[in-house]
Amino acid sequence: MQGFQGVIPPVVTAFDSNRKLDLERTKEFIRHLIGKGVSGIFIAGSTGEYTLLSIQERKELISAGVEAVDGKVPLLAGTGDNSTTTAIELSRYAEEAGADAATVALPYYPKPTQEGLYEHYKRISENISIPLMVYCWPEQHAGVNIAPEIVARLAEQGAIAGIKDSSAGIDHITEIIRLAGDRISILIGWANKLLPALALGADGTVCTIGNVIPEEVVAIYDHFQQGDMDKAREMQLKILPLIEAVSSDPGGTKEALKLIGQSVGPSPLPILAVPDNVRASIKAELIRLGRLS
């Protein structure tokens with residue numbers, strides 16, 4: 001078991017009706033999640049729509065996250081960029097602001113080599129003192145993924161403290177667990193794979209659905225830790241349809257939150273509200289889980 005573990009939601013970013021950053025609402029929502037028993041907060045990640053924000057907005061968001069967490073749980077700050085120089089700038093800012101770790105998404109355009117990825121994370125690690133986490137999501141990062149051997153190499157050198165792996169399959173994270181699971185925190189990016197990943201040796205999850213049903217995701221983790229596989233399995237299977245309904249695009253999570261009374265506003269363009277059929281599916285699953293009447 002490594003330093004970062006449990007359920008760490010990649011928190012949504014709130015926007016006002018004009019699609020401008022709403023930092024106060026974001027902080028309020030973070031406090032709400034902490035009250036639900038999560039183990040940490042990941043600010044300015046993909047679910048937080050960081051790619052649609054300016055560098056200055058990302059810095060403001062990181063500072064707001066640090067303020068909202070107030071030392072109650074670890075705060076992981078999203079500081080990735082295609083440019084190593086910019087990723088270093090953001091990671092240094094996160095450290096100065098008081099974040100507990102810098103979580104850096106893979107650079108993907110122009111497409112780097114595996115050695116380029118190694119150098120990217122090595123250079124960032126040399127410029128900060130807080131832990132550095134790798135974040136890979138090849139389906140969103142133009143197909144770029146980091147080889148488990150590169151992760152193990154960085155781990156062996158002490159350059160990284162962990163990885164958030166959002167690969168579509170479970171084989172990638174399994175190999176990382178095999179090669180480096182005794183040295184770094186390994187967090188699965190998908191709640192629908194949480195129980196299998198835990199059984200293989202993962203330390204927890206950074207999952208979008210944790211914004212909507214944090215108690216249920218925490219329950220899977222807690223039941224597993226307590227050795228109650230039957231209850232963990234029951235809850236894992238129970239939430240799968242909602243995960244499928246919500247994961248259509250970034251708007252799905254915000255629509256689910258709106259339905260349960262936790263509205264965080266719209267997304268920045270070009271992300272639009274979900275169509276009626278998706279909204280209906282999300283609502284039906286929330287009703288099935290007892291979140292709506």
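The values are calculated or read from the model by the stated rules, or taken from the named source; none is laboratory data. Keep in mind the model is a prediction, meaning the values are calculated, not measured. All Cβ positions, glycine included, derive from the backbone under ideal geometry; neighbour counts span all protein chains shown.
In the range 219-243, the residues that are at pLDDT 95 or above reach residues that are of a type in the set (V, I, T) and surrounded by 15 or more Cβ atoms within 10 Å (Cβ to Cβ) with C-beta atoms within less than 6 angstrom, at least six apart or across chains, in these pairs: Y221/V7; A232/I220; M235/I220; Q236/I220; I243/I209. Count of the range 163-172 residues, restricted to those that are within 10 Å of P148 (Cβ to Cβ) and either surrounded by fewer than 17 Cβ atoms within 10 Å (Cβ to Cβ) or under 15 Å from the mean Cα position of the chain (by Cα) (or both), is 3.
Residues being crowded, with 19+ Cβ neighbours inside 10 Å, under 17 Å from the mean Cα position of the chain (by Cα) and in a helix (DSSP H, G or I) are entirely absent from the range 229-236.
Evaluated against (1) buried (at least 18 other Cβ atoms within 10 Å of the Cβ); (2) among the small types (G, A, S); (3) outside any helix (DSSP H, G or I), G71 falls short on exactly one condition, (1). Per the listing R183, R153, the residue uniquely over 25 Å from E255 (Cα atoms) and without any contact (Cβ under 8 Å) to a residue 60 or more places away in the chain is R153.
Matching residues to (1) within 19 Å of G35 (Cβ to Cβ); (2) at pLDDT below 95; (3) assigned to a helix (DSSP H, G or I):
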position: L257; (1), (2), (3): yes, no, yes
position: P266; (1), (2), (3): no, no, no
position: L272; (1), (2), (3): no, yes, no
position: L286; (1), (2), (3): no, no, yes
position: L292; (1), (2), (3): no, yes, no
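Looking only at the range 15-62, filter to residues that are assigned to a loop (DSSP other than H, G, I, E, B) and free of Cβ contacts under 8 Å to residues at least 12 places away in the same chain; which one of those is nearest to N82 (Cα to Cα)? Here the answer is S54. Run G65 past the list (1) touching a strand residue (DSSP E or B) at 6+ places or on another chain (Cβ under 7 Å); (2) under 25 Å from G252 (Cα atoms); (3) among the small types (G, A, S); (4) not in a helix (DSSP H, G or I) and report the number of the one that doesn't hold. So the condition that G65 fails would be (4).
Among the candidates I243, I239, I282, I260, the residue that is touching a Lys or Arg at 6+ places or on another chain (Cβ under 7 Å) and within 30 Å of D203 (Cβ to Cβ) is uniquely I260.
Looking at G37, is it within 20 Å of S129 (Cα to Cα), more than 15 Å from the chain's Cα centre (by Cα) and surrounded by fewer than 19 Cβ atoms within 10 Å (Cβ to Cβ)? For G37, the condition - within 20 Å of S129 (Cα to Cα), more than 15 Å from the chain's Cα centre (by Cα) and surrounded by fewer than 19 Cβ atoms within 10 Å (Cβ to Cβ) - is not met.
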